[in-house]
Amino acid sequence: MTRNVLYNDKYMLGAEYERVWWWVFVGTRGGATRARIMRELLKRPLNRNQIAERLNLNYKTVEHHLKILIENHLVENPVGSRYGALYYPSRTALSLRDVLDRLLDEACGGGDG
């Protein structure tokens with residue numbers, strides 16, 4: 001069953017998100033890194049430094065990938081990019097969790113990444 005999800009006063013179909021998110025995680029260079037970041041954020045909200053430390057990534061690399069995740073409605077950060085600000089999965093991502101989990105598995109090769 002196709003679900004509609006409200007975003008910015010516009011309904012997008014779950015299938016539309018799936019196509020965009022496939023590109024974010026599977027269809028582009030850096031997708032596996034974004035998938036690893038997303039998996040960490042699904043466990044608990046984290047700031048950029050915590051993500052970098054947990055995944056052994058450069059801080060600027062994390063910053064770049066978070067920007068892409070935010071632009072594609074996967075991650076939220078209501079306070080902006082202040083130092084120490086927490087990032088967490090968007091309501092849209094959580095409402096389409098089955099789609100998200102399938103794409104994360106594809107990007108990371110299954111398991112916990």
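The values are calculated or read from the model by the stated rules, or taken from the named source; none is laboratory data. Computed from a predicted structure; not experimentally measured. Don't worry about glycine lacking a Cβ; one is built from the backbone with ideal geometry, like all the others, and counts go over all protein chains shown.
Test each condition in (1) loosely packed, with under 15 Cβ neighbours inside 10 Å; (2) at pLDDT 95 or above for Leu6 and report the one that comes out false.
(2)
Kindly indicate the residue of segment 38-53 that is surrounded by 18 or more Cβ atoms within 10 Å (Cβ to Cβ) and touching a residue at least 40 places away in the same chain (Cβ under 8 Å) and also farthest from Asp105 (Cα to Cα) among those meeting that condition.
Out of the qualifying residues, it is Leu46.
Report the residue count in segment 73-91 for those that are within 13 Å of the chain's Cα centre (by Cα) and either without any contact (Cβ under 8 Å) to a residue 12 or more places away in the chain or in a strand (DSSP E or B) (or both).
Number of matching residues: 6.
Considering segment 79-101 alone, what residues qualify as being among the β-branched types (Val, Ile, Thr) and more than 11 Å from Tyr17 (Cβ to Cβ)?
Hit for segment 79-101 is Val79, nothing else.
Is it fair to say Asn72 is polar (S, T, N, Q) and more than 21 Å from Ala107 (Cβ to Cβ)?
no
Picking from Ala107, Ala32, which residue would you name as being more than 9 Å from the chain's Cα centre (by Cα) and either surrounded by 18 or more Cβ atoms within 10 Å (Cβ to Cβ) or free of Cβ contacts under 8 Å to residues at least 40 places away in the same chain (or both)?
Only one candidate qualifies: Ala107.
Could you list, in sequence order, all residues of segment 25-56 that are touching a helix residue (DSSP H, G or I) at 6+ places or on another chain (Cβ under 7 Å) and more than 17 Å from Leu100 (Cα to Cα)?
Listed by number, the residues that qualify are Leu46, Arg48, Asn49, Ile51, Ala52, Arg54, Leu55.
Being assigned to a helix (DSSP H, G or I), within 21 Å of Gly14 (Cβ to Cβ) and in contact (Cβ under 8 Å) with a residue 24 or more places away in the chain, is that true of even one residue in segment 54-68?
Yes, the conditions are met somewhere in segment 54-68.
Condition test on Ser81, is it surrounded by 12 or more Cβ atoms within 10 Å (Cβ to Cβ), at pLDDT below 95 and in contact with a strand residue (DSSP E or B) (Cβ under 6 Å, 6 or more places away or on another chain)?
So Ser81 fails the test.
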